[in-house]
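Data first, discussion second: the structure below is written as structure tokens.
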Amino acid sequence: MKLELRGITKRFGSMVANDNVNLIALPGEIHCLLGENGAGKSTLMNVLYGLYQADGGEILLDDKVVKFSGPGDAMAAGIGMVHQHFMLIPVFTVAENVILGHEPTKFGSLLDLEAARAKVREVSAKFGFEIDPDAIVGDLPVGVQQRVEIIKALIGDAKVLVFDEPTAVLTPQETDELMAIMKQLRAAGTAIVFITHKLREVQEVADKITVIRLGKVVGEADPKSTANELASMMVGRAVDLDVEKDPAKPGKPTFKVEGLSAWSHAGTKVLDDINFEIHEGEILVIAGVQGNGQTELTEAIIGMHGKTAGSIQLDGRELIGKNVKQVLDLGVGFVPEDRTEDGLVAEFSIAENLMLDRSDRKPFAKGLNINLDYLKKFALEKLKQFDVRAQGIESKASQLSGGNQQKVVLARELSRELRLLVASQPTRGLDVGSIEFVHEQIVATRDSGIPVLIVATELDEATQLGDRIAVMYKGKIVGIVPSNTPRATLGQMMAGISA
Amino acid sequence: MKRVMKEFTGGNAMVSVLAVLASFIVGGILIAISSTEVQTTITYIGARPADFFNALWNSVFGAYDAMFRGAIFNYKAHDGVQMIKPITETLAYATPITMAGLGLAVAFRSGLFNIGGTGQIIFGAMFAGWVGIYVDLPFYIHFPLAVLAGIIGGGLFGALVGFLKAATGANEVIVTIMFNYIAVLLLSYLLKTPILQAPGSVNPVSPPVRDSAKYWFFMGDQFRIHGGLIAMLLAVIFTWWLLNRSTLGFRFRALGHNPNAAKVAGINIGLTYVLVMGISGALSGLAGTSQVLGTEKFLTLGVAASFGFDAITVALLGRSNPWGVLVAGLLFGGLRAGAVTMQANQNVPIDIVLVVQSLIVLFIAAPPLVRAIFRVKESKKAVAA
Amino acid sequence: MKQSKRTTISLLVLSLIGLWLFVSAPAGTTEISISTDSDIFKLPSFGLGVGFVSGIAFAAQVLAVIASGYFVLGRNHKTPRWVVILFAVALVFEILVGLFAGKTMTFTSLLQGSLALAVPLIFGSLAGVLSERVGVVNIAIEGQLLAGAFVSALIASLSDNMFAGLIGAVIAGALVAWVLAVFAIKYVVDQIIVGVVLNVLVVGLTNFMFSTLMVSNLPFYNQPPRFDKILIPLLGQIPVLGPVLFNQTLIVYLMYVAVAVVYVALFKTRWGLRVRAVGEYPKAADTVGINVFRTRYVSVILGGALAGLGGSFFTLGQVGAFGKEMTNGAGYIALAALIFGRWNPLYAAFAALLFGFAENLQYGLAIIGSSVPSEFLLMLPYALTVVAVAGLVGKVTGPAASGKAYIKS
């Protein structure tokens, strides 16, 4: 089935998320929609899927104009979607998730779960998935959950399939497998729209590339373009994808993790005998697919993880057993992976966010009172120093763009007397300009002689930023290697195979 | 103070005023429907419409006039004392409502839905009452000690909720609802035992509080207002300072808006839950002292009256802003005081207050509904946000 | 791991009560009478030595604690539910025998009274289940019950027809639920606020109308006919349980049907799957074409209708007239039952029965002149709920999206 979007426009308030966007996807073709974070790709697909109503333009299927008032209409018309954030209900079984919305029934309205299981088995078999229809989705690994999401999209006999940033949560191997599935679907005549900002994937599978920037289509690109060419189109200026940094001049190893293990609330081991050290003036990147213990590792370091054993030492002092406040007071800077959830208080002003970690002490506190004069001076200074684009220090954090929010977090964390910087996916979801700024700040911190720990899920960031790379898999460190290790080797390590 | 004024003159205040207006209109309709005069005159409305409208006016105006005379100034009274007594009644009701409302405001601003005002008032009253009844000390020690006991009683009962939440993640809404009932039953039990029951009494009442533990009745004994009024004003100032100027309040608000970010920034979440609920309960406990050491002078089962619920509505109407809570507390205090006169003079059941009060909160909570009723356009600022 | 240990420790602490009861058990016996006159065959009443029964019950508790410890520490497993149930039954039995030491416990009448108190609680908790399973917290159960009680009395009196009263109650409960739904879903108001306020609004309205309307002419406005008890042949003659369960009014039989229907509808039908999906993750439901708002409205209003029906039990099933605030907090106990019953209609019904039993026990004790203060028995539902939400005996978690408004961008 041929899909055509013609002149789609979507506004949110005064912000134009999609501005007169045109796109044609043909059967048996993988059409990549390439754009930076925030370029409007997901908005466009939500319009296509009936989740948003467009303010202008039309959708055509096989040259006939269609109107979707909700996802039900889109599905009925043969459009399937694999969502970036899985639309799965964790407490339901695979079969229940797959049939939700078009449930087979018996005796009127009783659920026919046997029919549901059969359907799951049928689609699984076609693609060589091995999925138990009665497994609870929340218990499955992320990669398997995505397959459930794919089965769910296919079960309605979709002729157009949209993949929204599907590889963010996958290992390189799983990504390869997903690419194979996409090719298989293409061969079967499905029209595929593949949304991504990862150039390597585009180069591998794209038949056609549409580049979108600030809500507008900037043009089509040749699938044979180089990564730098694609990046320049995506960003709108010449981009050097490499991080500029001098070779590290490592000093003493002041941060040491020895035999660190941790357990979840349910009692499963989430960190298993972790050992590494970081030298002053060195960046160690923890690479790996999301969900392999990186979150627990950073939590254990800053004192937020419940049950831990082993040793974490900074400047010879033990961090295990200390609470967050005590750890921060020893000079640990922490940039959490989810800045809106963990890094900032959205309803607070920039100034208030800047003193979030030190509100109880001088100079921010004067007796029991907040020292408003000092706070104002401090905030104005940081606003300038970190180039935060805002109306003023009274602007609420929620009013800032992702890049500026991250600058506020960095400004707060870097304005303490640091002995260690821990940053978890510090560039996630940021535009290229902000990514460059964040990278510069991290490298500058390293160069001032501070050990830096970065958690990265994207290999490119890991190899560019890191001086050394430690790969994590299932709560263990598979190996620690130099940053010029070949991609293929790192990919294997991320799947648990030692180098 | 500038911020406070802004809060009241801004678009929100408009919605609040309209919400109050709409609720009084609905209340008026109920009063009219229930009036026998109106019911009879409507049967011959075609023949003599003037009778109907007369009756309508008399019932509604009569009721609200009685409310005014009961709540603010009784211009029909014959002596000065009776004339100004209504406003003092309003203040007497407003005192505990506002205090407990402040307590809930502190919790709401910290992201905790404390609806345990009733239980915390009762605990405050029990502690303060016990000290006031059974301890014999000179005034300058006894009174502060009794008030302190009430504050501690309410505070501990509140802090227990915070502790349960911190230690086990128990939902504070459910826990406070259940604690309200537990507190009522506990008071009911204690008022049947020698611990609190007056010796020789068969009724669940305590002996009177000693004079040395009572609030100062600065207008004399014919009025029910007392030093609790001053305590209430101090509590408003304290709460404003706590929430807007203190570093502790900053952490409370950080917790309220985003507990995760607060945790990552090194704020001790568990301890903060306990402190928030402790202070919240302490303010409700203070309301309990105002009742037992002031207005009521001894402990009964009805010591918390409906102040626990009133406090929720007051905190919501005042948008959890201490000065807003004060204004809302005065309004609802006036409603209570006025309703008494309204029932006595016009035969309108006092329960009309509950209706008006709950409608006010519903309307306030849904500005689009109020705007739709009065066909007011949304302000531009709201659109952008 | 922490969680499962907590259960063992809680049981251990509770078994201290059992130990104390055993040690302080008086020497007498407790007569247990379990027959009524209408039974097909009569079971004799019998006496049990208090000390003997306490000893056995306490031993059972000790065994349960040991079993729990074995599963948690030895097998790294959580305590199986049957162990907790065994423990609870043993402790409750020990308490009962202790309370009635030297007296006669008429089991059947104790159960009859319990069921009567539990009927509105069960309807109320079903209302809560339907509402919370779809993602709307229902604090307004109390208001729905009270509205049902008032309207059923009024309409049944005016029409002199109990069935008209029932229908009126259903509509009244649904109406309160509709207001809850509109404010929670359309105006995105905090659901707890709406619930609390609605309860007071209904109290205010019913009190106001009672004082102005009903009082003006009680026989005309507030003297509804009452449902008679219907004895179901055979079933009603089963010893002990027969007279309790199968000699009841229509409303009670409707309650049995309601529990079964809600259970099947929620867990076995297409509609139920969608309701639960909306309550867990509304956006996921939306993306497969389920109308989140409509599903929420329907489920919340159906729940309110059931609660309204439960409210009619106060007037048409029991008292025979409306009284001010006659529900007296039953809605909040229903809320407690629903949490204690883990948002499951069957468990919630059993929890409601348990709470009804605790409430009724005070009457049983008052008759025999026991010195145990009734306040503590009345506290039991509230205290148990705090224990349940604090996760002392297993963790209770509700539907993930309960209490959260769904905002479509």
For this session: Looking at (1) open to solvent by 20 Å² or more (accessible area, probe 1.4 Å); (2) touching a residue at least 40 places away in the same chain (Cβ under 8 Å); (3) within 9 Å of another protein chain (Cβ to nearest Cβ), find the lone condition where B:V175 falls short.
Result: (1)
Exercise. From the set of residues in the stretch C:324-361 that are open to solvent by 60 Å² or more (accessible area, probe 1.4 Å) and within 14 Å of another protein chain (Cβ to nearest Cβ), which is nearest to the chain's Cα centre (by Cα)?
Worked result: C:F340
For this session: Find the residue count for the stretch B:244-295, including only residues that are hydrophobic (A, V, I, L, M, F, W, C), more than 10 Å from chain A (Cβ to nearest Cβ) and either closer than 27 Å to B:S206 by Cβ or crowded, with 24+ Cβ neighbours inside 10 Å (or both).
Result: 10
Problem set entry | Unmet criterion (only one of (1) touching a Pro at 6+ places or on another chain (Cβ under 9 Å); (2) open to solvent by 10 Å² or more (accessible area, probe 1.4 Å)) for B:R375 | (1)
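Given A:V345, A:V335, which one is of a type in the set (V, I, T), within 8 Å of chain B (Cβ to nearest Cβ) and open to solvent by less than 10 Å² (accessible area, probe 1.4 Å)? Before the answer, list the steps.
Working: A:V335 fails: within 8 Å of chain B (Cβ to nearest Cβ).
Checking each option against the conditions leaves just A:V345.
Taking the conditions exactly as written (in a loop (DSSP other than H, G, I, E, B) and open to solvent by 10 Å² or more (accessible area, probe 1.4 Å)), does A:D157 satisfy them or not?
Working: in a loop (DSSP other than H, G, I, E, B): yes; open to solvent by 10 Å² or more (accessible area, probe 1.4 Å): yes.
Yes: the conditions hold for A:D157.
Considering only residues that are touching a Gly at 6+ places or on another chain (Cβ under 6 Å) and open to solvent by less than 40 Å² (accessible area, probe 1.4 Å), which ones fall in the stretch A:59-74?
Step one: of the stretch A:59-74, the residues touching a Gly at 6+ places or on another chain (Cβ under 6 Å) are A:68, A:70-74.
A:F68, A:G70, A:P71, A:G72, A:A74 - these are the residues of the stretch A:59-74 that are touching a Gly at 6+ places or on another chain (Cβ under 6 Å) and open to solvent by less than 40 Å² (accessible area, probe 1.4 Å).
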For this session: Identify all residues within the stretch A:28-41 that are closer than 12 Å to A:L214 by Cα and surrounded by fewer than 24 Cβ atoms within 10 Å (Cβ to Cβ); write none if there are none.
Result: A:E36, A:N37, A:G38
Problem set entry | Cβ pairs under 7 Å, 6+ apart, first in the stretch A:413-431 and closer than 19 Å to A:G35 by Cα, second surrounded by fewer than 23 Cβ atoms within 10 Å (Cβ to Cβ) and of a type in the set (D, E) | A:T427/A:E461; A:R428/A:E337; A:D431/A:E36
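For the subset of the stretch B:49-66 comprising residues that are aliphatic (A, V, I, L, M) and open to solvent by less than 20 Å² (accessible area, probe 1.4 Å), which member is nearest to B:K85 (Cα to Cα)? Even if it seems obvious, please write down each step before you answer.
Looking only at the stretch B:49-66, we keep the residues that are aliphatic (A, V, I, L, M), and these are B:50, B:55-56, B:60, B:63, B:66.
Next, from what is left, pick out any that are open to solvent by less than 20 Å² (accessible area, probe 1.4 Å): B:55, B:63, B:66.
Numbers: B:A55: 29, B:A63: 19, B:A66: 14 Å.
Result: B:A66.
Select, from B:L164, B:L156, the only residue that is more than 14 Å from chain C (Cβ to nearest Cβ), under 14 Å from B:V274 (Cα atoms) and hydrophobic (A, V, I, L, M, F, W, C). Give the derivation first.
Details: B:L164 fails: more than 14 Å from chain C (Cβ to nearest Cβ).
When all the criteria are applied, what remains is B:L156.
Which strands (runs of 3 or more DSSP E) sit wholly inside the stretch A:425-499 and have at least 2 residues that are under 26 Å from A:T196 (Cα atoms)? Don't jump to the end; show me each part of the working.
Numbers: elements: A:452-456, A:468-473, A:476-482.
Once the strands (runs of 3 or more DSSP E) in the stretch A:425-499 are filtered for at least 2 residues that are under 26 Å from A:T196 (Cα atoms), what remains is A:452-456, A:468-473.
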Seminar exercise, completed: Within the stretch A:367-389, residues being open to solvent by less than 40 Å² (accessible area, probe 1.4 Å) and either farther than 19 Å from A:V335 by Cα or under 22 Å from the mean Cα position of the chain (by Cα) (or both) number 4
Exercise. What are the pairs, 6+ residues apart or on separate chains, where a residue within the stretch C:104-130 that is on the phi < 0 side of the Ramachandran plot and open to solvent by 20 Å² or more (accessible area, probe 1.4 Å) has its Cβ under 7 Å from a residue that is of a type in the set (D, E, K, R) and not in a helix (DSSP H, G or I)?
Worked result: C:T104/C:E31
For this session: Given the conditions (1) modelled with pLDDT of 95 or more; (2) within 20 Å of B:V236 (Cα to Cα); (3) of a type outside the set (S, T, Y); (4) in contact with a Ser or Thr (Cβ under 7 Å, 6 or more places away or on another chain), report the number of the one that B:N114 does not fulfil.
Result: (1)
Exercise. For residues in the stretch B:109-123 being more than 15 Å from the chain's Cα centre (by Cα) and buried (at least 24 other Cβ atoms within 10 Å of the Cβ), which is farthest from the other protein chains (Cβ to nearest Cβ)?
Worked result: B:F123
Exercise. Would the stretch C:362-377 turn up any residue that is crowded, with 22+ Cβ neighbours inside 10 Å, away from every other protein chain (no Cβ under 14 Å) and at pLDDT below 85?
Worked result: yes
Exercise. Residue check, A:L51 against (1) away from chain C (no Cβ under 11 Å); (2) at pLDDT below 90, all met but one. Which one?
Worked result: (1)
Problem set entry | Of residues in the stretch A:8-24 being within 14 Å of chain B (Cβ to nearest Cβ) and assigned to a strand (DSSP E or B), the one surrounded by the fewest Cβ atoms within 10 Å (Cβ to Cβ) | A:M15
Exercise. In the stretch A:86-105, is there at least one residue being assigned to a strand (DSSP E or B), facing chain C (nearest Cβ under 8 Å), under 29 Å from C:G272 (Cα atoms) and open to solvent by 40 Å² or more (accessible area, probe 1.4 Å)?
Worked result: yes
Seminar exercise, completed: Going through the stretch B:345-368 in order, the residues found to be free of Cβ contacts under 8 Å to residues at least 60 places away in the same chain, open to solvent by 10 Å² or more (accessible area, probe 1.4 Å) and more than 7 Å from chain C (Cβ to nearest Cβ) are B:N347, B:I350
Problem set entry | Selected residue (criterion: most open to solvent (accessible area, probe 1.4 Å)) from residues of the stretch C:146-193 that are free of Cβ contacts under 8 Å to residues at least 60 places away in the same chain, under 30 Å from C:A405 (Cβ atoms) and among the aromatic types (F, W, Y) | C:Y187
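Would you check if there is a residue in the stretch A:132-153 being touching a His at 6+ places or on another chain (Cβ under 6 Å) and assigned by TED's automatic domain parsing to the domain that holds A:A95?
Initially, the stretch A:132-153 is screened for residues touching a His at 6+ places or on another chain (Cβ under 6 Å), giving none.
No - not one qualifying residue is present in the stretch A:132-153.
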For this session: Enumerate the helices (runs of 4 or more DSSP H) found wholly within the stretch C:139-233, keeping only those where 1 or more residues are modelled with pLDDT of 95 or more and within 23 Å of the chain's Cα centre (by Cα).
Result: C:141-159, C:162-181, C:191-212
For this session: Can you run down the residue pairs with Cβ atoms below 9 Å, 6 or more apart or on separate chains, where the first is in the stretch B:27-41 and farther than 18 Å from C:M214 by Cβ and the partner is acidic (D, E) and surrounded by fewer than 19 Cβ atoms within 10 Å (Cβ to Cβ)?
Result: B:E37/B:D51; B:T40/B:D51; B:T41/B:D51
Problem set entry | Failed item, numbered, when A:G80 is tested on (1) assigned to a strand (DSSP E or B); (2) facing another protein chain (nearest Cβ under 8 Å) | (2)
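Considering only the stretch A:356-371, state which residues are within 7 Å of another protein chain (Cβ to nearest Cβ) and more than 17 Å from B:K263 (Cα to Cα). Don't jump to the end; show me each part of the working.
In the first step, residues of the stretch A:356-371 are kept if they are within 7 Å of another protein chain (Cβ to nearest Cβ); the result is A:356-357, A:359-360, A:365, A:368-370.
Residues satisfying the conditions are A:A365, A:L368, A:N369, A:I370.
The values are calculated or read from the model by the stated rules, or taken from the named source; none is laboratory data. Please read these numbers as outputs of a predicted model, since none were measured by experiment. Reconstructed Cβ throughout: ideal geometry from the backbone, glycine too, with neighbour counts over all protein chains shown. SASA here: full protein model, heavy atoms, side chains in, ligands and nucleic acids out. Shrake-Rupley method; radii C 1.70, N 1.55, O 1.52, S 1.80 Å.
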